[in-house]
Amino acid sequence: MSDDARIGRVLVASLHQGIADVLPDRLEFYENWLTAPGLREGTIGLAPMSAVLSFLRLEGEAYNKTMARAGEYAADWTVSSMSTFEKRVISVLPTVLRTRGAFRTARALVRSTYPGSRLKIRLRRGIASVDLRGSLFCETREATAMPLCGFYAAAIARVLHHFSLRADAEVHECRASSRGRGCRLKVEVRGANAGEPAAAA
């Protein structure tokens, strides 16, 4: 990863807000890297973000809570930034097509977090297999005991929720703990009615 790469503003802002919610007493410490000018101008680079993530991993269970909260904020802000027309079009589609539209939005969210992040999705009978490459959260020198990419699981589930889709997302494999090439998420998707699966796409 290039040291010159810039972190997406939605990721920086959502992470800042997640820390404020879960670790309010530690926010001032993390603002040494998540600075006000950086938040405002979207100029935070890889090095300060890596420092923030390294310290967050030392916070224990608060790491997962912070990442889940940040992922939800990122989804909320991503969907709210869409045009009213685009949101309306996706929202009135049948469940299968609405699911595809929602996942396209989730894919755009992932791309906006970091230039090297990519998402591939395979959906069959309401179960989405999500292949995540280039997760910024999972760049560690040593294997970790817990998965680190919960931000994306929370963000994807929240995006789907905005389009009246029920989603249970979990990390199936994380390259930070498995030392594989990428991370894999499993997302079970249902329509507004609990028994209505999102059919094969």
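If you take all other residues with their beta carbon under 13 Å from the beta carbon of Gly38, and give Lys and Arg +1 and Asp and Glu -1, the sum is +1. When the chain is treated as a GNM with alpha-carbon contacts under 10 Å, the residue of Val187, Val12, Val96 showing the greatest mean-square fluctuation is Val96.
The distance separating the Cα centre of the range 109-183 from that of the range 1-72 comes to 18 Å.
Can you tell me which of Gly180, Gly126, Gly42 moves the most in a GNM of the chain? Springs connect C-alpha atoms under 10 Å apart. Sorting by GNM fluctuation, first place goes to Gly180. Helical runs assigned H by DSSP (4 residues or longer) give the chain a calculated mean residue ellipticity at 222 nm of -15000 deg cm²/dmol, each run adding -39500 (n - 2.57) before division by the residue total. Here the chain exposes an accessible surface that is 48 percent carbon and sulfur, computed with a 1.4 Å probe and the other protein chains kept in place.
The computed Cα extents along the principal axes in Å for the structure shown corresponds, within (1) 65, 44, 25; (2) 47, 37, 31; (3) 84, 44, 30, to (2). Accessible surface area normalised per residue over the range 80-201 is 52 Å², counting heavy atoms of protein chains with a 1.4 Å rolling probe. Relative to the longest principal axis of the chain, what angle (0 to 90°, nearest 10) does the C-alpha long axis of helix 150-162 take? Computed tilt is about 40 degrees. In the chain, the longest principal axis of the Cα atoms and the axis of helix 46-57 are about 80 degrees apart. Note on Phe55: accessible area is roughly 80 Å² with a 1.4 Å probe, heavy atoms of protein only.
The dipole here belongs to the range 1-102: it is taken about the Cα centre, uses +1 on the Cβ of Lys and Arg and -1 on the Cβ of Asp and Glu, and is about 540 debye. In order along the range 101-117, phi translates into HN-Hα couplings of x, 5, 5, 5, 5, 5, 5, 5, 4, 4, 4, 6, 6, 7, x, x, 8 Hz, rounded to whole numbers, per the Karplus curve 6.51 cos²θ - 1.76 cosθ + 1.60 with θ = phi - 60° and x for Gly and Pro. Projecting the Cα positions of Pro48, Val187, Val89 onto the charge dipole of the chain (unit charges on Cβ atoms of Lys, Arg, Asp and Glu, taken about the Cα centre) puts Val89 furthest along the positive direction.
About its Cα centre, the chain has a charge dipole of approximately 1080 debye under the convention of +1 per Lys or Arg Cβ and -1 per Asp or Glu Cβ, with nothing else charged.
The values are calculated or read from the model by the stated rules, or taken from the named source; none is laboratory data. These numbers were taken from a predicted model, which means no experiment stands behind them. Cβ sites come from the backbone with ideal geometry, for glycine too, and all protein chains shown count toward neighbours. Note: accessible area is taken over every heavy atom of the protein model, side chains too, but ligands, DNA and RNA are not part of it. Shrake-Rupley method; radii C 1.70, N 1.55, O 1.52, S 1.80 Å.
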